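See structure below.
Only the coordinates and a few stated rules stand behind these numbers; no lab work does. Keep in mind that this is a model prediction, so the values were computed, not measured. Using ideal geometry, Cβ is built from the backbone for each residue, glycine included, and neighbour counts are taken over all protein chains shown.
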Amino acid sequence: MRRWAIVLGNSDQHHAPDLKALFMYCIVRTALASLALLVCLCVPALSQITEGDDGPLRFGRFEHEGKVHYGFISFGGVHTLTGSFFDKDTVVTGNIIPLEEVRVLPPVIPGKVIGIALNYKSHGGSGGDLQFFAKLPSSIIGHEDTITPPKGSTNLHYEGEMVIVMGARAKNVSEKEALGFVFGVTAGNDVTERSFGSGGFTVLKSKGSDTFAPLGPWISPGLTIDNLKFETLVNGKSVQKGSTRQMIHSSAKIISELSRYMTLEPGDVIYTGTAGTTAALKEGDVVDVLLEGIGRLRNTVGPTPK
């Protein structure tokens, strides 16, 4: 089968990459796919990551045979790309790797990790000005990675939520144009150590410690991001439920406001806030964050260093 040269990016535009060519590629690829490739989608081993909806494209990063690749899930498995989906020269290689043969990595390597505080009334939000904080890029971990509490942790909490992934540079953008700079969304867990406090000089260690920002497993573009259901499970029990339509500050408002103070770059991520109440985790707990249109992000809590 011929190699398809599909350009994902466009350096001459400020907005996120136009994915129309890539969607067309998938349509053609689907038409040519054999029954064997269709059966591959039904393999039970794939269900944990891909359950969520029947969307044909999920972009991500993964490791296969010691090498890190960017790619997207479609018929037959992971379709690899020559580079990041943010790069203008990236094309589809034509290579397909079965999903069960790869290790899923965080879908992006962000330069900035921003969290939105108190964005749901059910989690203490009451409106007013947008409140936000920073997590560190070193806090990012991927699907099935271990959450490792830092020494001294005694009250570690989950916070399942939707995460916005930026697709183009945004500075001083209006709410009307803000969503045009978004690449897509993914699931996230704003892990928080409550005992460290939430004041100005303590929030970074309470929210930005290593492994405190699980992210993934994949990014989906084109979703109605202000109307997505999400749920958090601990050891299979539902502990949080919400919808992004309940956010006090919309996705467009968040992006527009943040862009007043900082330049948002492709790959930067914004944790948009959690709903409901949270509770303490313990070693061995398995935390699942389910986001409509994405699937399941799963992490296990490891031991706290002595």
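The C-alpha atoms of the stretch 248-306 occupy a region whose extents along the principal axes are 41, 30, 23 Å, arranged from largest to smallest.
As a proxy for reagent exposure, Leu105, Leu264 were ordered by neighbouring Cβ count within 10 angstrom, fewest first; the result is Leu105, Leu264. Exposure proxy shown here: for Met247, Met162, Met262, the number of other Cβ atoms within 10 Å sets the order, fewest to most, as Met262, Met247, Met162. Given a cut-off of 12 Å, what percent of all Cα-Cα pairs of the stretch 93-132 lie beyond it? Everything past 12 Å amounts to 74 percent. The alpha-carbon of Lys229 sits under 20 angstrom from the alpha-carbons of these lysines, leaving out residues fewer than 8 places away in its chain: Lys121, Lys237, Lys241, Lys253.
Summary of the geometry: the stretch 219-235 and the stretch 167-200, compared by the centres of their Cα atoms, lie 14 Å apart. Computing FRET efficiency as 1/(1 + (r/R0)^6) for Asp89 and Ser122, where r is the C-beta to C-beta distance and R0 is 51 Å, gives about 0.70.
Cα-based radius of gyration for the stretch 88-210, normalised by 2.2 N^0.38 Å, reads 1.26. Among residues other than Gly199 with Cβ under 13 Å from its Cβ, the summed charge is +3 (Lys and Arg +1, Asp and Glu -1). Between Thr300 and Leu130, the distance separating the two model label sites (each 7 Å from Cα on the Cα→Cβ line) works out to 3.8 nm.
With viscosity 1.002 mPa s and temperature 20 °C, the Kirkwood radius over alpha carbon pairs of the stretch 209-297 converts through Stokes-Einstein to a diffusion coefficient of 145 µm²/s.
Taking the square roots of five times each eigenvalue of the Cα gyration tensor of the stretch 113-301, the equivalent ellipsoid has semi-axes of 24, 18, 16 Å, listed largest first.
Calculate, in nm to one decimal, what Thr263 and Thr148 gain on full extension: separation in residues at 0.36 nm each, minus their alpha carbon distance. Show your work: numbers first, answer last.
Working: separation 115, 0.36 × 115 = 41.40 nm, distance 3.06 nm.
That works out to 38.3 nm of additional length.
To make sure I understand, if each residue's beta carbon is the centre and we count other beta carbons within 10 Å, what order do Val163, Val286, Val104, Val191 fall in, fewest to most? Don't skip to the end; give the middle numbers.
Working: Val163 30, Val286 14, Val104 22, Val191 26.
Lowest to highest Cβ neighbour count: Val286, Val104, Val191, Val163.
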